[in-house]
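S.K.: Structure in structure tokens, see below.
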Amino acid sequence: MRTEVSTGWTVTATGGAVPAELAGRSVAATVPGCVHTDLLAAGLIPDPYLDENEAAVPWIGRTSWRYATTVTAPAETLGGPSGQAELVFDGLDTVCDVSLNGEVIGSARNMHRSHRLDVTALLHEGANDLVVDFAAQLDAAEQASRDQGPRVHTNAHPFNAVRKMACNFGWDWGPDLVTAGIWRSVHVERWQDARLGDLRTLVTVESPADGTRDGATGRVEVHADVVRAPAATAAGPADSTAPLTLRAEAAGVAGTVTVDGDHVTLALTVPDVALWWPRGYGAQPLHDLVVTLCRGDEELDRRDRRIGFRTVALDITPDAHGTPFALAVNGRPILVKGANWIPDDCFPSQVDRARYERSIGQGIDAGMNLLRVWGGGIYETDDFYDVCDEQGILVWQDFLFACAAYAEEPPLADEVTAEVREVVARLSGRASLALWNGNNENLWGYVDWNWGPQLDGLTWGRGYYLDVLPRMLAELDPTRPYSPGSPWSFDEARHPNDPSHGTMHIWDVWNTTDYTAYRSYVPRFVSEFGYQGPPTWATLTRAVHDEPMAHDSPGMLSHQKAADGDGKLSRGIAPHLEVPADVEGWHWAMSVQQARAVSFGIEHFRSWQPVCMGTIVWQLNDCWPVTSWAAVDGDSRRKPLWYAVRRAYADRLLTIQPRADGLAVAACNDTDTAWEARIQLRRVTFGGAERAVSSVAVTVAPRSTTVVPLAAALLAAGSTTDEVLVAETEAERALWFFAEDRDLELTAAWKTTSAEATTDGYAVHVTADTVQRDVCLLVDKVDQDAVVDDMGMTLLPGESHTFHVASRRTLDPSRFLDPAVLRSTNQLVHH
């Protein structure tokens, strides 16, 4: 029997840097939740997401907090002679002690674990006082760092000293909001005789594993820990002499095994299973798996899960180009079109199933087939993995180590191993889970970021990534691949970020070089790369209210967390475009630069398939309104980058790329059908005159790329400033300009524009008089809830386009024609 403990909670500051008006004051608390959301709901702190308010609340991390409620326990929920009673916390953030009826019954030091406390002897009928005392979390992290020996880390605080969400301490896209609270559910469980402990499910396919879709034999292994009641309280069913059994049933096949000890394994063989595929490769059939623990005919405990049958493999067999990194599902290589995923809110308890569906859905709509759960965040809730299972999104799961050195001794090591055992048991049965990854950038950091002298012999995490984790996974989940880190070259003798081996992160672009430097790399797999841009205008102006507003006004700077972020933006755009002095012009320039830079990289990397078998853009989502690398901003609005990624991740892509002997057109086909097309090639002036014309027939095999060199006549531009090379099929187009935009003869004038109301919003019609580059309709400036179907296309002379705007508001349609709404790169070129 399960009883939720979710009501009647209060939170009180009990020590530390408490403002006078809060001293001794208790406020209503929401569980699951955290201190910040409780204080905000009570009107006691300003919204830390707005303006410079983040700077008003650092005292919260320096304050200790008490959460308290009364658990009313009717007689039938108690332990005692009738069985066991346990208090279960699914998530405590982070360093705290738990008391029941005045007696300390347990402590927690790990946000990423659950905690189960025996309250059989303490819980009594009627009111029971439950208290969770949280330390000042920033103080606790600093003390843990001193106790272990301080170790190198990025950012301001020693997040690496405790098992707490690293980005809670601030990141280069996130605020410094060190919080505390009961961030996942709490309940009391009553049970008799025995219950299920950790339940680990391994699901795979025995045969075939060669990419075929029929005749596969599925295998389900259920590994269950069984917890028995102490002899003194082991009252069981009437037929207590019956054996304890474990039963599992999935896809119409059932099996039963007798439980002799504390662990039991049960295997099911399921014939003729329908295979689970990533999106774009097939369907995602899921099956109910029911596991029950029984004594005779009485059911003692039950777990329900959903599973899908598939195999996952990682090819790292050396080849002529180095060491590949190629994921395969059911024997078929997968071109990864992915994005990195960070916590969707600074306060993760704010994210529910509907929000996961919306945010993951935005990745799906952008053509993505994989999300990487990044190591500075959290192991997401079951809702996240449910949506990925159902929608065919592969999950690359980091273990939670990021950008820092970690102690390998107790007590941190003990917390790590307990955390890993729990999360592997929870996630191992997920069809979507494709890869375990040891850490984010730590192996790279040790080599390149001068960690050795700073550590002076202290452990730093190598033992986790290259010993502890692979050994544990060999025991707990041998069904899917493991990478020690990202980036990683799969040989300690090599540089961990070697582009020819394994995975790499490309951050010299953005930090120090122009985005065209992406072309200097031919990587095997890019698991991080990206470029900054501001949030949409509606999100920005909701969050920042500077008067006057400028890119460097105080509120704007508080929402720019990257070191020298604005400087890097300005230096990055200088070779390409001119930046207007007004803030709206700056906002547009930086938005289009972000879209261009990332799509430039994706197209280049895709053109090298199969040498390069995947890209994971940094990043899909944001956790608050901020200038960042995200494609979708903190208010869930799609930035111009989102549309650019969708175009670059399209199943069929044409792109013109330089090769050693000149320009070539790459035709990328990420479908199961051969692509037979005639590519029309022409060099035209900005006025529409054709200077050279050609065509070529291509057949692009399924899931492959074909590269076709271009004839010299097409490339001999008479003028580099007013001619463009066009490659197109019936549905796809690629363009090549012979000079940077700032040197092109571009004008901002349109031939015609018009707008009208439709049944579900508005239609905006535009016709180009000359080349119009990167045409966007920033509809959120007119209606903050409006969504436009597309943006970022380039129109050639005389071409027309209609934008379809979904909106429920009654507006003057002409507002969509304002030059601050109807944008193009041409507005950023002045002659």
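The values are calculated or read from the model by the stated rules, or taken from the named source; none is laboratory data. Because the structure is a prediction, the values reported are computed rather than measured. Ideal geometry is used to build each Cβ from the backbone, glycine not excepted, and the neighbour counts take in all protein chains shown. Heads up: the accessible areas ignore ligands, DNA and RNA and are worked out on the full protein's heavy atoms, side chains in. Shrake-Rupley method; radii C 1.70, N 1.55, O 1.52, S 1.80 Å.
S.K.: Go through segment 767-804 and give me each residue that's assigned to a loop (DSSP other than H, G, I, E, B), over 14 Å from T536 (Cα atoms) and among the charged types (D, E, K, R).
M.R.: Kept after step one, since they are assigned to a loop (DSSP other than H, G, I, E, B), are these residues of segment 767-804: 768-771, 778, 782-786, 789-792, 796-799.
After this cut, where a residue has to be over 14 Å from T536 (Cα atoms) as well, the list is 768-771, 789-790, 792, 796-799.
D769, D789, D790, E799, listed by residue number.
S.K.: Restricting attention to segment 195-210, does a residue exist that is open to solvent by 10 Å² or more (accessible area, probe 1.4 Å), of a type outside the set (S, T, Y) and within 29 Å of P535 (Cβ to Cβ)?
M.R.: There is no residue in segment 195-210 that is open to solvent by 10 Å² or more (accessible area, probe 1.4 Å), of a type outside the set (S, T, Y) and within 29 Å of P535 (Cβ to Cβ).
S.K.: If you don't mind, another one. For segment 675-691, check the following and say yes or no: at least one residue is over 26 Å from P797 (Cα atoms), within 31 Å of the chain's Cα centre (by Cα) and surrounded by fewer than 16 Cβ atoms within 10 Å (Cβ to Cβ).
M.R.: no
S.K.: Name the strands (runs of 3 or more DSSP E) wholly inside segment 277-365 in which the number of residues that are over 30 Å from D498 (Cβ atoms) and in contact with a Pro (Cβ under 8 Å, 6 or more places away or on another chain) is 1 or more. Before you say what the answer is, go through the steps one by one.
M.R.: On the way: elements: 287-295, 298-307, 312-315, 326-329, 336-341.
Filter on segment 277-365 gives 287-295, 298-307.
S.K.: Give the number of residues within segment 702-727 that are part of a loop (DSSP other than H, G, I, E, B) and of a type in the set (A, V, I, L, M). Full working, then the answer.
M.R.: Step one: of segment 702-727, the residues part of a loop (DSSP other than H, G, I, E, B) are 702-703, 710-711, 716-722.
Now drop any that are not of a type in the set (A, V, I, L, M), which leaves 710-711, 716-717.
Qualifying residue count, segment 702-727: 4.
Conditions tested, residue by residue: (1) surrounded by fewer than 17 Cβ atoms within 10 Å (Cβ to Cβ); (2) among the small types (G, A, S); (3) closer than 30 Å to T256 by Cα; (4) free of Cβ contacts under 8 Å to residues at least 40 places away in the same chain.
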{"residue": "I307", "(1), (2), (3), (4)": "no, no, yes, no"}
{"residue": "T317", "(1), (2), (3), (4)": "yes, no, no, yes"}
{"residue": "I360", "(1), (2), (3), (4)": "no, no, no, yes"}
{"residue": "E380", "(1), (2), (3), (4)": "no, no, no, yes"}
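S.K.: OK, next. Which residue is modelled with the highest pLDDT, if the candidates are limited to segment 1-24 and must be over 22 Å from W183 (Cβ atoms) and not small (G, A, S)?
M.R.: Per the stated criteria, the residue is P19.
S.K.: Residues of segment 108-150 being basic (K, R) and under 21 Å from T63 (Cβ atoms), which ones?
M.R.: Keep residues of segment 108-150 that are basic (K, R), which gives 109, 113, 116, 146.
Listed by number, the residues that qualify are R109, R146.
S.K.: Does T671 meet the test of being polar (S, T, N, Q) and out of contact with any helix residue (DSSP H, G or I) (no Cβ under 6 Å at 6 or more places or on another chain)? Even if it seems obvious, please write down each step before you answer.
M.R.: Numbers: polar (S, T, N, Q): yes; out of contact with any helix residue (DSSP H, G or I) (no Cβ under 6 Å at 6 or more places or on another chain): yes.
It is true that T671 is polar (S, T, N, Q) and out of contact with any helix residue (DSSP H, G or I) (no Cβ under 6 Å at 6 or more places or on another chain).
S.K.: Out of D491, D514, report the one residue that is of a type outside the set (S, T, Y), open to solvent by 20 Å² or more (accessible area, probe 1.4 Å) and under 23 Å from A339 (Cα atoms).
M.R.: D514
S.K.: May I pose another question? Among the residues of segment 709-727, what is the count of those that are within 41 Å of the chain's Cα centre (by Cα) and crowded, with 17+ Cβ neighbours inside 10 Å?
M.R.: 6
S.K.: Identify the single condition in (1) more than 17 Å from R823 (Cβ to Cβ); (2) touching an Asp or Glu at 6+ places or on another chain (Cβ under 8 Å) that P548 does not satisfy, given that it satisfies every other one.
M.R.: Looking at each condition in turn, P548 falls short on (2).
S.K.: Related question: Are there any pairs, at least 6 apart or on different chains, whose C-beta atoms fall under 8 Å, with the first in segment 142-160 and within 20 Å of D176 (Cα to Cα) and the second charged (D, E, K, R), and if so, which?
M.R.: S145/R151; N155/D172; A156/D176; H157/E142; H157/D176; P158/E142; P158/R151; N160/R151
S.K.: If you don't mind, another one. Just the residues that are assigned to a helix (DSSP H, G or I) and open to solvent by 10 Å² or more (accessible area, probe 1.4 Å), please, taken from segment 452-468. Steps first, please.
M.R.: Going residue by residue through segment 452-468, those that are assigned to a helix (DSSP H, G or I) are 452-455, 462-468.
Listed by number, the residues that qualify are G452, P453, Q454, R462, G463, L466, D467, V468.
S.K.: When you scan segment 432-442, how many residues do you find that are part of a helix (DSSP H, G or I) and open to solvent by 10 Å² or more (accessible area, probe 1.4 Å)? Please lay out each step first, then the result.
M.R.: Taking segment 432-442 first, the residues part of a helix (DSSP H, G or I) are 442.
Then keep just the ones that are open to solvent by 10 Å² or more (accessible area, probe 1.4 Å); that gives none.
Count: 0.
S.K.: Between V684, V708, V724, which is out of contact with any Asp or Glu (no Cβ under 9 Å at 6 or more places or on another chain), more than 21 Å from H576 (Cβ to Cβ) and not aromatic (F, W, Y)? Talk me through it step by step, then tell me what you get.
M.R.: Details: V684 fails: out of contact with any Asp or Glu (no Cβ under 9 Å at 6 or more places or on another chain); V724 fails: more than 21 Å from H576 (Cβ to Cβ).
Sole residue among the options that is out of contact with any Asp or Glu (no Cβ under 9 Å at 6 or more places or on another chain), more than 21 Å from H576 (Cβ to Cβ) and not aromatic (F, W, Y): V708.
S.K.: Run down T30, T63 and say which single residue is within 27 Å of the chain's Cα centre (by Cα), among the hydroxyl-bearing types (S, T, Y) and surrounded by 16 or more Cβ atoms within 10 Å (Cβ to Cβ). Talk me through it step by step, then tell me what you get.
M.R.: Working: T63 fails: within 27 Å of the chain's Cα centre (by Cα).
Just one listed residue meets the conditions, T30.
S.K.: Report the residue count in segment 52-73 for those that are closer than 19 Å to A135 by Cβ and among the charged types (D, E, K, R).
M.R.: First, pick out the residues of segment 52-73 that are closer than 19 Å to A135 by Cβ: 57-68.
Cutting the leftovers down to among the charged types (D, E, K, R) gives us 62, 66.
Within segment 52-73, residues that are closer than 19 Å to A135 by Cβ and among the charged types (D, E, K, R) number 2.
S.K.: Check whether at least one residue in segment 809-826 is among the small types (G, A, S) and open to solvent by less than 10 Å² (accessible area, probe 1.4 Å), and report yes or no. I'd like the intermediate steps shown before the answer.
M.R.: Keep residues of segment 809-826 that are among the small types (G, A, S), which gives 814, 820, 824.
So of that shortlist, the ones also open to solvent by less than 10 Å² (accessible area, probe 1.4 Å) come out as 824.
Yes: segment 809-826 contains one or more residues that are among the small types (G, A, S) and open to solvent by less than 10 Å² (accessible area, probe 1.4 Å).
S.K.: Follow-up. Of these, E408, E415, which one is open to solvent by 30 Å² or more (accessible area, probe 1.4 Å), under 25 Å from F347 (Cβ atoms) and among the charged types (D, E, K, R)?
M.R.: Details: E408 fails: under 25 Å from F347 (Cβ atoms).
After ruling out the rest, the residue left standing is E415.
S.K.: Continuing with the same structure: Could you please give the count of residues in segment 455-485 that are closer than 27 Å to D172 by Cβ and in contact with a Lys or Arg (Cβ under 8 Å, 6 or more places away or on another chain)?
M.R.: 3
S.K.: I'm trying to understand the selection: among the residues of segment 728-766, which are assigned to a strand (DSSP E or B), touching a residue at least 60 places away in the same chain (Cβ under 8 Å) and open to solvent by less than 70 Å² (accessible area, probe 1.4 Å)? Write out each step before concluding.
M.R.: Let us first name the residues in segment 728-766 that are assigned to a strand (DSSP E or B), namely 728, 733-737, 752-758, 761-766.
Among the residues that remain, those that are also touching a residue at least 60 places away in the same chain (Cβ under 8 Å) are: 728, 733-736, 753-755.
Passing the criteria: E728, A734, L735, W736, T753, S754, A755.
S.K.: Within segment 327-345, how many residues turn out to be surrounded by 20 or more Cβ atoms within 10 Å (Cβ to Cβ) and closer than 25 Å to V598 by Cα?
M.R.: Total meeting the criteria: 12.
S.K.: Collect the residues in segment 246-262 that are modelled with pLDDT of 95 or more and exposed (fewer than 15 other Cβ atoms within 10 Å of the Cβ), keeping them in residue-number order. Please lay out each step first, then the result.
M.R.: Applying the first criterion (modelled with pLDDT of 95 or more) to segment 246-262 yields 246-250, 253-259.
Passing the criteria: A254, T256, T258.
S.K.: Specify the residue that is surrounded by the fewest Cβ atoms within 10 Å (Cβ to Cβ); the eligible residues are those in segment 1-27 that are touching a residue at least 12 places away in the same chain (Cβ under 8 Å) and farther than 28 Å from T72 by Cβ. Before you say what the answer is, go through the steps one by one.
M.R.: We begin by selecting, within segment 1-27, every residue touching a residue at least 12 places away in the same chain (Cβ under 8 Å); these are 1-19, 21-22, 24-27.
From what is left, the residues that are farther than 28 Å from T72 by Cβ are 15-19, 21-22.
On the way: G15: 15, G16: 16, A17: 15, V18: 19, P19: 13, E21: 7, L22: 17.
Ranking the candidates gives E21 first.
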